[in-house]
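A.B. asks: Structure provided below as structure tokens; questions to follow.
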Amino acid sequence: MNIHTKKKIGVLVSGGGTNLQALLDAEKRGDLKSGTISVVISSKPDVFALERAKKAGVEGICVDRKSFKTKENFEEALHHTLTERNVDVLVLAGFMLVLSDNFIKQYPDRIINVHPALIPSFCGDGFYGLKVHERALEYGVKVTGATVHFVNEVTDGGAIILQRAVDIPEGISPQGLQQLVMEKAEHILLPQATELLCADRLQRDGRRVIIQ
Ligand code: GAR
């Protein structure tokens, strides 16, 4: 695909950025070919994800949530940064803030998120990062996984694009499970879903997403 017809991807992060790395690697390999990662925006300063962007030669910016009085002000700055760069699609890759309805409406079916569990299990408000894996282990489920979904006004409630299951080994720690789910599911699904979105291969039939 010609560079001029590729979708411009903005990746939103808040931490270590292993999912961002999976996206950068996929673009380098040519698996992510219908879009190009144009900008990485972090909601926190000094996160390793920004180092990863720099190393890959991608613009990395911090729009620090803490430096804005209100969520509205933060989202205005975020939107401004994205529109200035003509970003077409947004990928939330370990982004730890919940975006408002008003913000989401500006990108209809153009924001996706990776969640480290099989939605509708272990998701919603309060379920993020390591907490998700702690809850899964506490509950005693034998299988977990990851989900990539469209972002809507309900936390982790948007239509599901891709899911992958991961068996939980006996005696694994929450940290071990987090690594396993990242490696066996998230880092595979997120680049795949991003490519499908950028290639306009995701069709909506109500809540169902049909892959063309
Ligand atoms: C990932 O496991 C991601 O799925 C999760 O945080 C981790 C970020 O890691 N995201 C959420 O829980 C959002 N609800 P990373 O910064 O190494 O990609």
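The values are calculated or read from the model by the stated rules, or taken from the named source; none is laboratory data. Everything numeric in this text was worked out from a predicted model, so none of it was measured. Cβ atoms come from the backbone with ideal geometry, glycine included; neighbour counts cover every protein chain shown. Areas reflect the complete protein model, heavy atoms only, side chains present, ligands, DNA and RNA absent. Shrake-Rupley method; radii C 1.70, N 1.55, O 1.52, S 1.80 Å.
A.B. asks: Of the residues that sit in region 168-201 and are in a helix (DSSP H, G or I) and among the small types (G, A, S), which one is nearest to the ligand (Cβ to nearest atom)?
C.D. replies: The selected residue is A185.
A.B. asks: Continuing with this model, one more query. Taking the conditions exactly as written (open to solvent by less than 50 Å² (accessible area, probe 1.4 Å), under 20 Å from R65 (Cβ atoms) and in a loop (DSSP other than H, G, I, E, B)), does Y128 satisfy them or not? Full working, then the answer.
C.D. replies: Working: open to solvent by less than 50 Å² (accessible area, probe 1.4 Å): no; under 20 Å from R65 (Cβ atoms): yes; in a loop (DSSP other than H, G, I, E, B): yes.
Here the answer is no, as Y128 does not meet what is asked.
A.B. asks: Of V98, V143, which residue is among the aliphatic types (A, V, I, L, M), open to solvent by 60 Å² or more (accessible area, probe 1.4 Å) and without any contact (Cβ under 8 Å) to a residue 40 or more places away in the chain?
C.D. replies: Details: V98 fails: without any contact (Cβ under 8 Å) to a residue 40 or more places away in the chain.
Among V98, V143, only V143 is among the aliphatic types (A, V, I, L, M), open to solvent by 60 Å² or more (accessible area, probe 1.4 Å) and without any contact (Cβ under 8 Å) to a residue 40 or more places away in the chain.
A.B. asks: Okay, moving on. Between L20, L12, which is within 16 Å of the ligand (Cβ to nearest atom), part of a helix (DSSP H, G or I), of a type outside the set (K, R) and under 12 Å from the mean Cα position of the chain (by Cα)?
C.D. replies: Details: L12 fails: part of a helix (DSSP H, G or I).
The unique qualifying residue is L20.
Table: residues versus (1) among the hydroxyl-bearing types (S, T, Y); (2) surrounded by fewer than 21 Cβ atoms within 10 Å (Cβ to Cβ); (3) in a helix (DSSP H, G or I); (4) at pLDDT below 95.
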position	(1), (2), (3), (4)
L32	no, no, no, no
P45	no, yes, no, no
L90	no, no, no, no
Y107	yes, yes, no, no
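A.B. asks: Now a separate question. Would you mind telling me which numbered condition in (1) of a type in the set (A, V, I, L, M, F, W, C); (2) crowded, with 19+ Cβ neighbours inside 10 Å; (3) farther than 20 Å from I37 by Cα I172 fails?
C.D. replies: The single condition I172 does not satisfy is (2).
A.B. asks: From K54, K69, grab the single residue that is assigned to a loop (DSSP other than H, G, I, E, B), without any contact (Cβ under 8 Å) to a residue 24 or more places away in the chain and open to solvent by 30 Å² or more (accessible area, probe 1.4 Å).
C.D. replies: Details: K54 fails: assigned to a loop (DSSP other than H, G, I, E, B).
After ruling out the rest, the residue left standing is K69.
A.B. asks: Does region 92-105 hold any residues that are in a loop (DSSP other than H, G, I, E, B) and within 15 Å of the ligand (Cβ to nearest atom), and which are they?
C.D. replies: Here is the first cut: in region 92-105, the residues in a loop (DSSP other than H, G, I, E, B) are 93-100, 105.
Correct list: A93, G94, F95, M96, L97, V98, L99.
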